[in-house]
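J.: The structure is given below, and queries will be raised subsequently.
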Amino acid sequence: MILVTGGAGFIGANFVLDWIATVGTPIINLDKLTYAGNLGNLTNLRSDTRHIFVKGDINDRALVARLLKQHQPGAIVHLAAESHVDRSIHAPAEFVQTNVTGTFCLLEETRAYWESLAEPAKNRFRFLHVSTDEVYGSLLPTDPAFTEATPYAPNSPYAASKAASDHLVRSYYHTYGLPTITTNCSNNYGPLQFPEKLIPLMIRNACQQKQLPVYGDGLQVRDWLHVVDHCAGIRAALQKGRIGETYNIGGNSEKTNLQVVNALCAILDTKLPGRAPHSRLITYVKDRPGHDRRYAINAMKIKNELGWEPAEKFETGLLKTVEWYLANEAWVENVTSGAYRNWVETNYANRGAM
Ligand code: NAD
Ligand code: TYD
């Protein structure tokens, strides 16, 4: 039995589905169901007794303590977070509350639980913290990719809150001996991603013949990791990673945002030829404040130590992702009703071209 936090979000739901399909042991899924969490992501598990969903907040220490005592998980995979940089610019408080204080609450209750365990369960227990490459800050075009030794230099409230949580996790290993592992991954893409992030937002807008809002000059670089590869990387770190260590997980796939958007448009031109060329919808809008220019991950440590490397090529992964969104319009409609519209208004209204 493992406890997953944030398992109704994009990566969390993919991880839960992947875990049930590959490992098959039970999961308790603790998720607050914010705007980003959606039980519709887990409908395939509706009648699967191996998946126990609990709606709740990681800040609710009594709830976390009760779940740990009742279910005695052998590991925690911590994914719950506020995850969108643009939202952290508009409203940072929630990022501190969930990413920093929430992680602290989870660590405190985990420590109490772990200290109560007898061997061999105590020795086998793991706390796996899922973090981001954004904690390392921004790279120049010729800089080497981030390694696990790159100093932290977060630039957005989101990145700063994740950096703070990474430091707390680190300190619980060094101070209390809690068996933690941290993974820092690059930008994920794939099915079930909420359409506030670049790839699903562009697919949705293009399908609706709306403008494709590229921030600034569109030459910012991200390293794209397919979410299924990421899930395999988390499993590898959980099962074989050394405690107290951090592992970078990347897709070996650096692209500028414009390359990504143009690739999406080209795929959509073949799928919906009547509306081609979709690239005519590309619109340059006001840049994100403090926008990091480039992220790149050196994933040699996890490859050499744990034998993990990404299997999906960006081109095929992107094609499958577009196909998934085209086949799941009802899902997109469902998650973008209501509050989503307010967010689009807040984020794009003053950028000029939308
Ligand atoms: P997401 O925003 O899609 O999902 C987050 C989930 O956490 C949601 O289901 C939400 O309901 C839940 N949640 C939020 N606050 C909570 C709270 N206080 N208590 C319990 N649940 C809460 O995020 P994601 O993209 O799936 O990211 C998952 C993790 O991976 C995050 O920690 C994020 O920082 C990290 N990460 C994501 C990416 C990416 O590209 N998406 C890249 C690097 C790292
Ligand atoms: P995003 O998906 O928000 O991920 P992150 O900021 O965590 O990397 O954005 C990916 C890149 O795409 C980032 O450089 C910002 C850019 N972007 C746009 O150009 N337009 C948009 O509408 C969005 C949401 C992002």
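FYI, it's all coordinate maths here, none of it is from the lab. Bear in mind that the values here come from a model prediction, so they are computed numbers and not experimental data. Methodologically, a virtual Cβ is constructed for each residue, glycine included, from the backbone with ideal geometry; neighbour enumeration extends over all protein chains shown.
J.: Give me the extension gain from Tyr35 to Asn123: residue separation times 0.36 nm, minus the current Cα-Cα distance, reported in nm with one decimal.
T.: Between Tyr35 and Asn123, full extension yields 28.0 nm more.
J.: Give the calculated FRET efficiency between Lys313 and Asp48 to the nearest 0.05, with a Förster radius of 30 Å applied to their Cβ-Cβ distance.
T.: The value I calculate is 0.45.
J.: Can you list residues whose amide H is under 5 Å from Tyr247's amide H, if they're 5+ apart or on another chain and H is modeled 1.01 Å from N?
T.: Residues meeting the criterion, in which the H sits 1.01 Å from N, are Thr182, Thr183, Asn184.
J.: Then there's this: Please check which bits of the range 183-219 a label hung off Thr270 would reach, taking the label as a point 7 Å along Cα-to-C-beta and the cut-off as backbone N under 19 Å.
T.: What the label zone holds, given the 19 Å backbone N cut-off, is 190-191, 200, 203-204, 206-207.
J.: If you don't mind, another one. Just going by the charge dipole of the range 163-227, with Lys and Arg at +1 and Asp and Glu at -1 on Cβ, which of Thr183, Gln220, Ile203 is farthest out on the positive end?
T.: Ile203
J.: So, by mean Cβ neighbours within 10 angstrom, what's the order for 114-120, 295-301, 27-33 with the highest one leading? It would help to have the intermediate numbers written out before the result.
T.: Numbers: 114-120: 11.6, 295-301: 20.4, 27-33: 22.9.
By packing density, highest mean first, the sequence is 27-33, 295-301, 114-120.
J.: What is the magnitude of the charge dipole of the chain about its Cα centre, with +1 placed on the Cβ of each Lys and Arg, -1 on the Cβ of each Asp and Glu, and no other charges, expressed in debye to the nearest 20?
T.: Charge dipole of the chain: 300 debye, to the nearest 20.
J.: Sorted from fewest to most neighbouring beta carbons within 10 Å, what does the list Tyr113, Tyr325 look like?
T.: Result, fewest neighbours first: Tyr113, Tyr325.
J.: Subtracting the Cα-Cα distance from 0.36 nm times the residue separation, let me have the gained length for Lys210 to His291 in nm, one decimal. All intermediate terms of the calculation are to be shown ahead of the outcome.
T.: Values: separation 81, 0.36 × 81 = 29.16 nm, distance 2.36 nm.
Contour length minus Cα-Cα distance gives 26.8 nm.
J.: Can I ask one more? Using a Förster radius of 56 Å, what is the FRET efficiency between Gln70 and Thr346 based on their Cβ-Cβ separation? Nearest 0.05, please. Could the numbers behind the result be given before it?
T.: Details: r = 40 Å, r/R0 = 0.71.
Efficiency, rounded to the nearest 0.05: 0.90.
J.: With θ taken as phi - 60° and the coefficients 6.51, -1.76 and 1.60, list the Karplus ³J(HN,Hα) couplings across the range 301-306 in order, rounded to whole Hz; mark glycine and proline as x.
T.: Result, rounded to whole Hz: 5, 5, 5, 5, 7, 10.
J.: Also, I was wondering about something else. Given charges of +1 on the Cβ of Lys and Arg and -1 on the Cβ of Asp and Glu, with all other atoms neutral, how large is the dipole of the range 117-198 about its Cα centre, in debye to the nearest 20?
T.: 320
J.: Sorted from fewest to most neighbouring beta carbons within 10 Å, what does the list Thr103, Thr246 look like? Spell out each step's value before the answer.
T.: Numbers: Thr103 27, Thr246 23.
Starting with the residue having the fewest Cβ neighbours, the order is Thr246, Thr103.
J.: Enumerate the amide H contacts of Phe53 below 5 Å, restricted to partners 5 or more residues apart or on another chain; note that Pro and chain-start residues carry no placed amide H.
T.: Amide H neighbours of Phe53: Asn29.
J.: Ile243 label point, 7 Å along Cα→Cβ, cut-off 18 Å on backbone N: hits in the range 79-121?
T.: Those under the cut-off are 107-121.
J.: Something else now. Does the range 1-122 come out rounded, prolate or oblate by the C-alpha gyration tensor, with a ≥ b ≥ c the root eigenvalues, rounded set by a/c under 1.5 and, if not, prolate when a/b is larger than b/c and oblate if not?
T.: Judged from the Cα gyration tensor, the range 1-122 comes out oblate (a/c at least 1.5, b/c at or above a/b).
J.: Quick one: which residues, 5+ away or cross-chain, put their amide H under 5 Å from the amide H of Val214? H built at 1.01 Å from N.
T.: Counting only residues 5 or more places away or on other chains, the set is Thr283, Tyr284, Val285.
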